[in-house]
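The values are calculated or read from the model by the stated rules, or taken from the named source; none is laboratory data. Remember, it's a predicted structure, so these values are computed and weren't measured experimentally. Cβ placement follows ideal geometry from the backbone for every residue including glycine, while neighbour counts extend to all protein chains displayed.
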Amino acid sequence: MVPVFVPPREPGFQAAIESYNGSWQAKVWSRFVHDDLSGLQDRSRRHVAALRRHRADRIESAPTRRAFPERWSLNLQARLKGRMVYLRRTDATGAVEVLGRSFEVDRQWVHRLVRAEVDLDGGMIRFYRLRRREPGDQPVITEVAHRIKHKRFCE
């Protein structure tokens with residue numbers, strides 16, 4: 001499965017996920033000081049429980065999901081790998097912001113949707129044009145070399 005990231009104010013199929021991420025950061029991560037990981041997890045559990053109560057009708061009508069893999073384990077020291085997909089809208093100059101950096105995509109493709117695929121293994125970001133009228137036609141606009149620095153986490 002590939003995570004897809006969309007700006008919170010961008011209408012579209014994944015905007016709700018990014019909106020939730022922003023809400024969680026504002027209401028759990030930024031609002032409180034957590035002494036340790038268990039304190040953060042407890043606050044997050046309470047936030048999620050309150051949100052689920054608030055959205056119970058929508059949650060019950062949603063399709064069933066696959067179970068999370070049982071053999072998966074979190075390794076905070078491992079390098080990031082795989083692929084992430086961001087949906088972004090270019091600005092007035094044809095640039096987009098991905099991973100906290102601005103990338104010039106195409107001066108002719110202003111205020112338009114692009115798909116940015118971050119290849120963590122290959123160290124590349126590929127930008128594709130997106131068109132609602134031609135959803136199957138997504139040509140590569142540009143490729144940019146970009147490596148995410150390996151940062152060790154304290155456990």
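A few points about this structure:
- Screening segment 80-126 for residues that are basic (Lys, Arg) and more than 18 Å from the chain's Cα centre (by Cα) and picking the one that is surrounded by the fewest Cβ atoms within 10 Å (Cβ to Cβ) gives Arg107.
- Scanning segment 33-43 for residues that are part of a helix (DSSP H, G or I) and either small (Gly, Ala, Ser) or exposed (fewer than 10 other Cβ atoms within 10 Å of the Cβ) (or both) yields a count of 2.
- Taking the numbered list (1) at pLDDT 95 or above; (2) part of a loop (DSSP other than H, G, I, E, B) in turn, Arg131 passes all entries but (1).
- Qualifying residue in segment 44-54 (condition: surrounded by 11 or more Cβ atoms within 10 Å (Cβ to Cβ) and either in contact with a His (Cβ under 8 Å, 6 or more places away or on another chain) or in a loop (DSSP other than H, G, I, E, B) (or both)): no
- Checked against (1) outside any helix (DSSP H, G or I); (2) surrounded by 11 or more Cβ atoms within 10 Å (Cβ to Cβ); (3) β-branched (Val, Ile, Thr), Ile59 passes all but condition (1).
- For Ser102: the one exception among (1) hydroxyl-bearing (Ser, Thr, Tyr); (2) assigned to a loop (DSSP other than H, G, I, E, B); (3) under 22 Å from Ala15 (Cβ atoms): (2)
- Residue match in segment 71-79 (condition: within 27 Å of Cys154 (Cα to Cα), under 20 Å from the mean Cα position of the chain (by Cα), among the polar types (S, T, N, Q) and in a loop (DSSP other than H, G, I, E, B)): yes
- Neighbours by Cβ (under 6 Å, 6+ apart or cross-chain): first from segment 127-155, in the same structural domain as Gln108 (by TED's automatic domain parsing); second surrounded by fewer than 12 Cβ atoms within 10 Å (Cβ to Cβ): Tyr128/Val140; Arg129/Pro139
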